[in-house]
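Read through the structure below, which is laid out as structure tokens, and then see the notes.
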Amino acid sequence: MKTFTLPGTDLVVPDVVLGLMRIQDKTDDEVRTLVRTARDAGITFLDHADVYGDDLHGCERRFAEAMALSPAERDEWVIQSKAGIVPDGPYFDFSYEHLVASVHASLEALRTDHLDVLLLHRPDALVEPEEVARAFSELHAAGKVRAFGVSNHTPGQIELLRRYVEQPIVANQLQLSITHAPLIAQGVASNMAALDQSVSRDVGTLDYCRLHDITVQAWSPFQAGFFTGTFLGSPEYAELNAVIDRLAAQYDVPPIAIATAWITRHPARMQVVLGTTTPERVAGAAQGSDVHLTRAEWYELFRAAGHTVP
């Protein structure tokens, strides 16, 4: 598993992250097996959110109950959580009061005294950046959050925050897979009239993040679209899977590793956030970190997914 220092921090992190949004109904043994499988594969970064689970902080509590980490064991992990979604609305709340209360509740649920990374979970149209800055500064000064980032934010939304927030924005968690790749595909075919792919839907978010040392964390890395099911093994993506299967055999890895490798091959140095609760899939996906696709292979996968290369 390849690692790197998360820009703006002293955290050494792996290419692949274990997301824990689906563990609410798992037994202690199932949670422990999942997490230990990830650790054995080199994954030492865990992704949570306050809204994951049947109730607020449900998955965070389930994790802490199952793992019962000692202080020394806690320090072996980079633990990230998110705040800002109010599911009862539904709406978003980036107020000072909501963010601070959410972090305190996450710390209690996780049975830890700090988060390594806190992300703002989807943009709040009513954001007052001074409120975010106040919350971040208080949480940072108290040692309750070490680093801060965002999720699903545009360059303009990040710039607004950066005008007020003292700490660096170190991550932006965005949806990305071979088949759901507007972050990348638009730039490949820019300025091509009548081609839908050439339409900019994110105002150059990927390039912006690269320019400002913001690590992109790719969520739903195996989803065909917005929670529409995986493309792996799907007959709707027969051409893509034929290429994936051929490369998997060539590199002696499972197909899921090739889907991971397509993202980690990108020079933006992105992290792949896994959402599966199947240990075998976690172990297989992790192998993709060590597969370095050639340019020809990367573009072959890109074309086979239906993207245009002019």
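If we keep just the residues of the stretch 206-220 that are assigned to a loop (DSSP other than H, G, I, E, B) and in contact (Cβ under 8 Å) with a residue 60 or more places away in the chain, which is surrounded by the fewest Cβ atoms within 10 Å (Cβ to Cβ)? The extreme case among them is ASP213. Scanning the stretch 276-302 for residues that are without any contact (Cβ under 8 Å) to a residue 40 or more places away in the chain, surrounded by 14 or more Cβ atoms within 10 Å (Cβ to Cβ) and among the charged types (D, E, K, R) yields a single hit, ARG281. Pairs meeting the criteria (first residue in the stretch 244-268 and touching a residue at least 12 places away in the same chain (Cβ under 8 Å), second residue in a loop (DSSP other than H, G, I, E, B) and charged (D, E, K, R), beta carbons under 9 Å, at least 6 apart or on different chains) are THR260/ASP15; ILE263/ASP15; THR264/LYS2; THR264/ASP15.
When the stretch 86-115 is filtered for residues that are among the acidic types (Asp, Glu) and within 12 Å of ASP50 (Cα to Cα), only GLU108 remains. Scanning the stretch 204-220 for any residue that is of a type in the set (A, V, I, L, M), over 18 Å from ASN152 (Cβ atoms) and modelled with pLDDT of 95 or more turns up at least one such residue. On the stretch given as the stretch 267-281, residues that are assigned to a loop (DSSP other than H, G, I, E, B), of a type in the set (D, E, K, R) and touching a helix residue (DSSP H, G or I) at 6+ places or on another chain (Cβ under 8 Å) total 0. Against the criterion of being β-branched (Val, Ile, Thr), under 15 Å from VAL17 (Cβ atoms) and either touching an Asp or Glu at 6+ places or on another chain (Cβ under 8 Å) or buried (at least 20 other Cβ atoms within 10 Å of the Cβ) (or both), VAL273 qualifies.
The values are calculated or read from the model by the stated rules, or taken from the named source; none is laboratory data. As the structure is a computational prediction, the values presented were derived from the model and not from experiment. So basically every Cβ, Gly included, is an ideal-geometry build from the backbone, and we count neighbours across all protein chains shown.
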